[in-house]
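**Q** To start, I am sharing the structure in question, which I have written as structure tokens.
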Amino acid sequence: MSYIAKPKFHHPNLPRNGLGLTRRDYEGAMSTLCAGCGHDSVSAAIVEACFELNLPAHKLAKMSGIGCSSKTPTYFLSKSHGFNSVHGRMPSVATGANLANNELKYIGVSGDGDTASIGFGQFAHAVRRQVDMLYIVENNGTYGLTKGQFSATNDRVSLGRKGQKNAFDSIDLAAMAIQLGASFVGRGFSGDKEQLVPMIKAALSHKGFAFIDVISPCVTFNNHNGSTKSFEFFRDNERSITATDYIAPRESITAEYEEGSVIDVTLHDSSKVRLRKLDANYDPSDSAAALQHIMKHEELGEVATGLLYLNVEDTELKEKMDMVNVPLNSLGVAELRPDSNKLESINKSLR
Amino acid sequence: MSLEEQTEKKENRPRAPYMKPTDISDPNYFHKVVDCQWACPAHTPVPEYIRMIAQQRYTEAYMINWESNVFPGVLGRTCDRPCEPACRRGRIEEKPVAICRLKRVAADHRGDIEHLMPDIAPKNGRRVACIGGGPASLTVARDLIPLGYEVVVFDRDSRGGGMMRSQIPAFRLPESVLNEEVDRILNFGAETHFNYDVTSLKKVLDENFDAVFVGTGAPKGRDIDIPGRLEVQDNFHIGIDWLMSVAFEHTSKIGKKVVVLGGGNTAMDCCRTAKRLGGEDVKVIVRSPFDEMKASPWEIEDAQSEDIEILNNHVPERFLVENGKLTGIVFQKVKPEYDETGRRKLVPTGDDPVVVACDDVLCAIGQENHFPWIERDIGLEFDEWDMPVVDRTTFQSTNPRVFFGGDAAFGPENIIWAVAHGHQAAISIDQFCQSKDINERPAPDVTLISQKMGMHEWSYHNDISNEERYAVPHAEKVSALKDIKLEVELGFDERMAFEEAMRCLNCDVQTVFEDVKCIECDACVDICPVDCINFIKNGDEKDVRSRLRVPALDEDQSLYVSDTLPTGRVMVKDEDVCLHCGLCAERCPTAAWDMNQFLLKEGQAKNQRQVA
């Protein structure tokens, strides 16, 4: 890790967003992760996306569990709220926070251990309930903090650093999220911000559970020959299925594409997602087809990336529960305690 | 025509001119990144000596300067500082590093240097005449005497130093500082002829000299031709002549009301000197707008802080004379107008003329070369402006035995230019005296050395200071104005010098990129505080510049381009505002980035010797 703080000086011509802020204003503390860690690039992508979306940092909360990935919220958006929970328990804390104050945007950052092992049950129910949040898994297929054991997302064929074989099949978290009912599912790569940043922007504008599985190589324990989550292997075997363009609410679409090659989807905040199909047969609104597509690539030893599944019809947790559309933390005694007449009428109805 | 070329021609599409990988083995590439050193005419390794100052190694800092610019104590007080506007720090915050005043710190705090002086080689039998004893001639002497040359210096004044002595007032440059640095060179064994006016170059050439160096400066102050000029003789003074007369203590007072005409550094020295010799109401009156005055901003500031009023856009029209005595000057008010080419014209505003009463006027509107003592039939060509024809690289005139340097070569400049010329002329004279090709110049001495000490440890201090530029403390005004010899600037103390030195961005510690090691993980892009690193598709330079994270608009600043990487992209680093903090190298998992100190020492006559 670096011992010096990142210098305060920035480029004099650094662009400013609608709030008059530069992307430097969205940064956090200096990372203590290994030099070259993919996670730092994911943090940078989040910074870039929030900057471009003109998000006020104080309207955002960062949620995480335990692990290398879960340390990263310290390294971006230092002016946002945050909660670093117990290992694997971020989804339930995020669910609670979301109900208490749905006026904040929630970014959950988790890892393959935190999500696919210890927190797998928690994860499944946050997805199933459609908690309104962006859930990012920084997926490196290894337990970096405990020195490189295989994680549950490590591919069966992927070898350990000293050539050890992996006995178990891997969990595909993107496929799992589609199956569990997430309404926005994508897969990205820490080394490709051109793909990742628009996807994060779209996910932050989406209402409901948005899941992005980001392959984020562990340079220390899982970036060797024989690993399927190394920079080199991933670049050689990644298959982009869709390219995502995020179009802000009042922005006009300028580029022209061949008919049928693009799908425009309007999100709840009236921004648009333009999906350019790089694979002509792909239909990102059909969950069964999407799953099949992902599995097919997996069989070929390839990894499907891009915005894989998007459903803007589904409702999020609070709507499903028919709850008041104000933050619960704003409800006072007057709203929460019915007066005696009300009580009387309830009692009457029960007699 | 190849098939490819034919196709291109048919499609009327030029071949995409991709940027080639940067050749960092070319010394000019990294030299240019060290903006201060590049801008310095003598190419002094600035960041290296600033680092020495921060480490309290003042003697070494002084010697780096002495090697390169010969007069660190003088220049640390008087240099025109071409390095400071070039300083990278000035592009990321308001003010550049106070390079010039740090140089003075090295001179003020250094220890004994006698044992570090060059050995003087046995006489080689060659004799070189230096006409004029100013900075250019002294540099020639400094470079040639140690090589065994017999150097003979002629000067019309009673001591060496030239304009450093005659034109720079003692309150800016104490005599002791000047004497020490001038005498050090003369004590190498120069033969000196002071109070000696050379009236014929031919005569000098007829004497037994192998080469003659002319470093006579630009000694003629420009006069003004307006009505009344001839009637005010007693109270009209040419600025540089008057300053010289003050320096040699022939003049010690002036009238109460003084007008200084002109807006250059000489005007600033004149007005401040006048203020110390009895001038109570001293005004500088200049034709140009204030912003376009030629004087260095800090000298204008110093004059203003001594309550000297500056009137701009005033053109002198005539002198007012009563009973044969100067009583004032009439000025016409003008305003600047610019044509399409940006050329300025001063147009009368139509306002009433302005009358400024005065007892004395100092005319500092420029100075010129003057060569009445050079015969025109000795094979030394003069051009249409009556200036000698001098080669810009070798400083040789059309008479192969005669070399020029300093203001005598190409007109008035500053001390640091004179020193640079002196070094180059010395190289030429040395080559010439050995009957070698004078166009063969010694290569600079260049080293590029990794600064890596550990995982994230470097042998230079990479934590960027957020301090703002320190102001040099000044002597108390009342006493300063009473004593013409009291130095106004007190210089930085050690603590301030340290803080100021820490503002230096270490631009000589270069980011060196090895493309074969890069895994394109983006870590350097993410960490770079000034967004100068990019991984993008190649293109022509204009296109590449426009596509960077922050477009590289300053085309004087280089782009560092790698060879093509596995993803087909190239690494492009805009050198413009790089802080040289080394975080790219700290965050790089494969050590594709490394921080290397680039040290360039300009070739001098002695280097040529070593090669030969």
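**Q** Starting from the Cα of residue B:567, move 7 Å in the Cα-to-Cβ direction to define the label point; list residues of the range B:519-546 whose amide nitrogen is under 13 Å from there.
**A** Only B:519-526, B:534-538 pass the distance filter.
**Q** Next question. Spin-label point model (7 Å from Cα, Cβ direction): what's the residue B:245 to residue B:474 distance in nm?
**A** For the pair residue B:245/residue B:474, the computed spacing is 2.8 nm.
**Q** Debye calculation, C-alpha points only, no solvent: report log10 I(q)/I(0) for chain A at q = 0.08, 0.14 Å⁻¹, in the same order as the q values.
**A** -0.40, -1.15
**Q** Counting residues in the range A:1-147 as N, plug N into 2.2 N^0.38 Å and put the Cα Rg over that result.
**A** 1.06
**Q** Tell me the Rg and the Dmax, in Å, that the Cα atoms of the range B:284-371 produce.
**A** Radius of gyration, then largest Cα-Cα span, for the range B:284-371: 15.1, 48 Å.
**Q** Then there's this: For peptide A:40-51, compute the average count of partner chain beta-carbon atoms within 10 Å of each residue's beta-carbon.
**A** Numbers: counts 6, 5, 1, 1, 5, 2, 0, 1, 2, 0, 0, 0.
Mean partner shielding for this stretch: 2.
**Q** With the radius of gyration and the Kirkwood radius both derived from the Cα set of the range A:148-208, what is their ratio Rg to Rh?
**A** 1.09
**Q** Taking the Cα centre as origin and putting +1 on Lys and Arg beta-carbons and -1 on Asp and Glu beta-carbons, what dipole magnitude results for the protein assembly as shown, to the nearest 20 debye?
**A** Charge dipole of the protein assembly as shown: 2340 debye, to the nearest 20.
**Q** Order these peptides, A:329-338, A:200-209, by their mean beta-carbon neighbour count within 10 angstrom, highest first.
**A** On the way: A:329-338: 9.5, A:200-209: 25.0.
Final packing ranking: A:200-209, A:329-338.
**Q** Further question on the same structure: What's the center-to-center distance, using Cα atoms, between the range B:150-224 and the range A:196-248 in Å?
**A** 73 Å
**Q** To continue, here is another question. With θ set to phi - 60°, apply the Karplus curve 6.51 cos²θ - 1.76 cosθ + 1.60 along the range A:300-315 and write out the HN-Hα couplings as whole Hz, x wherever there is a Gly or Pro.
**A** Values per residue, Gly and Pro as x: 7, x, 10, 10, 7, 10, x, 7, 8, 8, 9, 9, 9, 7, 5, 9 Hz.
**Q** So if I take the centroid of the Cα atoms in the range A:90-161 and the same for the range A:31-45, what is the distance between those two points in Å?
**A** Rounded to whole Å, the Cα centres lie 17 Å apart.
**Q** Continuing with this model, one more query. How much net charge surrounds residue B:518 when only other residues with a Cβ under 11 Å from its Cβ are counted (Lys, Arg +1; Asp, Glu -1)? If you can, show how the numbers build up before the last one.
**A** Details: positive: B:517, B:569; negative: B:514, B:515, B:520, B:522, B:563.
Here the count lands on -3.
**Q** Could you work out the mean count of beta carbons from other protein chains within 10 Å of each residue's beta carbon in A:9-22?
**A** Across A:9-22, the average partner-chain Cβ count within 10 Å equals 4.
**Q** Return the distance in nm (one decimal) between the two label points of a simple spin-label model at residue B:335 and residue B:457, each offset 7 Å from Cα along Cα→Cβ.
**A** 6.6 nm
**Q** Nearest-5 percent of antiparallel DSSP beta bridges in the protein assembly as shown? Mind dumping the intermediate values first?
**A** Details: 61 of 121 bridges.
Taking every DSSP beta bridge within the protein assembly as shown, about 50 percent pair in antiparallel fashion.
**Q** Cα gyration tensor of the protein assembly as shown, axes a ≥ b ≥ c as square roots of the eigenvalues: rounded (a/c below 1.5), prolate (a/b > b/c) or oblate? Kindly include the intermediate steps, with their values, before the conclusion.
**A** Numbers: a/c = 2.74, a/b = 2.07, b/c = 1.32.
Since a/c reaches 1.5 and a/b is larger than b/c, the shape of the protein assembly as shown is classed as prolate.
**Q** I would also like to ask the following. At q = 0.19, 0.21 Å⁻¹, what is the base-10 log of I(q)/I(0) for the range A:83-221 according to the Debye formula with one equal point scatterer per Cα and no solvent? Please give it to two decimals.
**A** Result of the Debye calculation: -1.10, -1.29.
**Q** Taking +1 at the Cβ of each Lys and Arg and -1 at the Cβ of each Asp and Glu, which of B:198, B:163, B:176 sits farthest along the dipole of the range B:157-204 towards its positive end, judged by Cα position relative to the Cα centre?
**A** Farthest along the dipole direction, towards plus: B:198.
**Q** Contact order normalised by length for chain A, with contacts defined as Cα pairs under 8 Å and 6 or more residues apart; what percent is it?
**A** Computed over chain A, the figure is 15 percent.
**Q** Tell me which residues come under 5 Å, amide H to amide H, from residue B:597 once H is placed; ignore anything under 5 positions away on its chain.
**A** Correct list: B:449, B:450, B:451, B:510.
**Q** Apply 1/(1 + (r/R0)^6) to the Cβ-Cβ distance of residue B:175 and residue B:536, taking R0 = 51 Å, and write down the FRET efficiency to the nearest 0.05.
**A** 0.30
**Q** Equivalent ellipsoid semi-axes for the range B:447-601, as square roots of 5 times the alpha carbon gyration tensor eigenvalues: give them largest first, rounded to whole Å.
**A** The three semi-axes for the range B:447-601 are 40, 19, 12 Å.
**Q** Could you point to the residue in A:262, A:74, A:198 farthest towards the positive end of the range A:23-322's charge dipole, with +1 and -1 charges on the Cβ of Lys/Arg and Asp/Glu respectively?
**A** A:74
**Q** Sticking with this structure for a sec: Just counting partner chain Cβ atoms within 10 Å, what average do the residues of peptide A:27-37 show around their Cβ?
**A** Details: counts 2, 0, 0, 3, 4, 0, 2, 3, 14, 11, 5.
So the per-residue partner count for this stretch is 4.
**Q** While we're here: Order these peptides, B:405-414, B:244-253, by their mean beta-carbon neighbour count within 10 angstrom, highest first.
**A** For the peptides B:405-414, B:244-253, the packing ranking is B:405-414, B:244-253.
**Q** Now for a separate question. Say R0 is 51 Å: what FRET efficiency, to the nearest 0.05, do residue A:300 and residue A:326 get from their beta-carbon distance?
**A** On the way: r = 49 Å, r/R0 = 0.96.
E(calc), rounded to 0.05, equals 0.55.
**Q** From Cα pairs below 8 angstrom and at least 6 apart in sequence, can you work out the relative contact order of chain B, rounded to a whole percent?
**A** Relative contact order, chain B: 17 percent.
**Q** Also, quick follow-up: Which value in nm describes the separation of the simple spin-label points at residue A:194 and residue B:119, placed 7 Å from the Cα toward the beta carbon?
**A** Taking the two extended label points, one gets 6.3 nm.
**Q** If you find the alpha carbon centre of the range B:236-284 and of the range B:552-599, how far apart are they in angstrom?
**A** 52 Å
**Q** Right, next: Any idea what diffusion coefficient chain B gets from Stokes-Einstein, in µm²/s, Kirkwood Rh on alpha carbon pairs, 20 °C, 1.002 mPa s?
**A** Approximately 79 µm²/s, per Stokes-Einstein.
**Q** While we're on this one: Can you pull a Stokes-Einstein diffusion coefficient for the range B:221-365 at 37 °C (0.692 mPa s), Rh from Kirkwood over Cα pairs, as a whole number of µm²/s?
**A** Answer, rounded: 213 µm²/s.
**Q** Another question about this same structure. Computed FRET efficiency, Cβ-Cβ of residue B:357 and residue B:307, R0 25 Å: what is it to the nearest 0.05?
**A** 0.90
**Q** Using the per-residue mean of other Cβ atoms lying within 10 Å as a proxy for protection, in what order, highest first, do the peptides A:166-177, B:159-170 fall?
**A** Going from most to least packed, we get B:159-170, A:166-177.
**Q** Hey, could you grab the Kirkwood Rh for the range B:421-493? Inverse mean 1/r over distinct alpha carbon pairs, Å, one decimal. Let's see the in-between values first.
**A** On the way: mean 1/r = 0.0535 Å⁻¹.
It is 18.7 Å.
**Q** Looking at B:147, B:44, A:167, which one has the Cα that reaches farthest to the positive end of the dipole of the protein assembly as shown (charges on Cβ: Lys, Arg +1; Asp, Glu -1)?
**A** About the Cα centre, the residue reaching furthest to the positive side is A:167.
Coordinate-derived values only; no laboratory data. This is a predicted model, so every value here is computed, not measured. Counting neighbours? That spans all protein chains shown, and the Cβs are built from the backbone with ideal geometry, glycine included.
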